[in-house]
Amino acid sequence: MPAPSRLTAARLTAARLTAALLIALLPAVVATAADPAKKPYRSGQQILDASPKGDWRTLDPDRTLYLELATGRVVIELAPQFAPAHVGNIKTFAHEHFWDGTSIYRSQDNFVVQFGDADGEDPAKAKSLGSAKTHLPAEFHRSAKGLDFQKFPDSDGWAKEIGFVDGFPAARDSANGKAWLAHCYGTLGAGRNNADDSSIGAELYVTIGQSPRQLDDNITVVGRVVKGMELLSVIPRGPDPMGFYEDAKLRTPIKSIRLASEVPAAERTPLELLRTDSQTFRDVAEAKRNRVDDFYKRPAGHIDLCNVPLPVRTPKG
């Protein structure tokens, strides 16, 4: 094969130099193509530690229940924006001390604990309902119009759209204009019989297991536990198949249930909740959606609605 001419050799040398230069510059080109403003990964706790005070809110005492057990206090936030009739009745029950001396009479593994008057189905033994209403409409869902729905980008097997409304995990169907609260860990719902309008808020349950999303839009959700789940989740399980205690001695006594607004200020539980319409909340959710740390080798790129953290803290000072 004949040797290349001087001109050809010069061209080859120039081409090699150009290729070498491009290879040397490639990392810088890639870095420039990436988001130049991309910030280093921060854990959820680091994000919370740096959050501004304005991203937190305090509980409204008139929308807060204190469930008092021998083991401590369970703090519940009510959701009148989704179930106004039921929440109104629940306030009446609390004001008239309906639940004092009742019990947690059901504890079903990986499902719920249920409480109220264990003899409520027996007219001869049932407690008086006082001035509470004895019939309410079902409040499984409401119009999505006017809600500050903080939509998540993640897909969901139970709803077309998911997100948060005022601190509550929620779902929405824009096609029919409906929205409802999701059954996540800590959800407070109104027990009912087969008829959809058979709940009045006297018998309540709290989800203590994997999120039973099949109940979404099938039962009236009236609130959620914001503090004290550890007191409910450890209650001994009742017998199969549904966890109702056959022996009344095994039930967990309820000392009282009160609205926080009817408890002296000095005896209230001071709490702050992260606003779900805040940038801090969005950042915390994203940090959990795409974890990048020493332990996680592959970011999920997805988060389940009921696995989104709902930070609660005790105010400093």
Q) Of everything in region 153-166 that's surrounded by fewer than 21 Cβ atoms within 10 Å (Cβ to Cβ) and of a type outside the set (Gly, Ala, Ser), which residue is farthest from residue 203 (Cα to Cα)? A) 153
Q. How many residues, within region 227-284, are closer than 23 Å to residue 99 by Cβ, of a type in the set (Asp, Glu) and touching a residue at least 60 places away in the same chain (Cβ under 8 Å)?
A. 1
Q: Under 6 Å between Cβ atoms, at least 6 apart or on separate chains: pull out the pairs that start in region 30-57 with a residue that is more than 13 Å from residue 273 (Cα to Cα) and end on any residue that is β-branched (Val, Ile, Thr) and at pLDDT below 95.
A: 41/292
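In the set 64, 92, which member is hydroxyl-bearing (Ser, Thr, Tyr) and closer than 20 Å to residue 169 by Cα?
Answer to the check: 64.
Residue-by-condition table, conditions (1) of a type in the set (Asp, Glu); (2) over 13 Å from the mean Cα position of the chain (by Cα):
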{"position": "170", "(1), (2)": "no, no"}
{"position": "176", "(1), (2)": "no, yes"}
{"position": "211", "(1), (2)": "no, no"}
{"position": "217", "(1), (2)": "yes, yes"}
{"position": "223", "(1), (2)": "no, no"}
Q. Can you name the residue in region 199-243 that is in contact with a helix residue (DSSP H, G or I) (Cβ under 6 Å, 6 or more places away or on another chain) and in a strand (DSSP E or B) and, of all such residues, is farthest from residue 254 (Cα to Cα)?
A. 222
Q. Out of region 167-179, which residues are assigned to a loop (DSSP other than H, G, I, E, B) and crowded, with 19+ Cβ neighbours inside 10 Å?
A. 167
Q) Any idea how many residues of region 115-129 are among the charged types (D, E, K, R) and loosely packed, with under 13 Cβ neighbours inside 10 Å? A) 3
Q) Among the residues of region 66-87, which ones are in contact (Cβ under 8 Å) with a residue 60 or more places away in the chain and assigned to a helix (DSSP H, G or I)? A) 86, 87
Q.
With the requirement that a residue be surrounded by 15 or more Cβ atoms within 10 Å (Cβ to Cβ), part of a strand (DSSP E or B) and not aliphatic (A, V, I, L, M), what does region 37-65 give you?
A. 56, 57, 64
**Q.** Members of region 104-160 found to be in a strand (DSSP E or B), within 19 Å of residue 213 (Cα to Cα) and free of Cβ contacts under 8 Å to residues at least 40 places away in the same chain, listed by number
**A.** 151
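Are any of the residues in region 250-267 in a loop (DSSP other than H, G, I, E, B), of a type in the set (Val, Ile, Thr), within 21 Å of residue 148 (Cβ to Cβ) and under 25 Å from the mean Cα position of the chain (by Cα)?
no
The values are calculated or read from the model by the stated rules, or taken from the named source; none is laboratory data. Keep in mind the model is a prediction, meaning the values are calculated, not measured. Backbone-built Cβ (ideal geometry, glycine too); neighbour counts: all protein chains shown.
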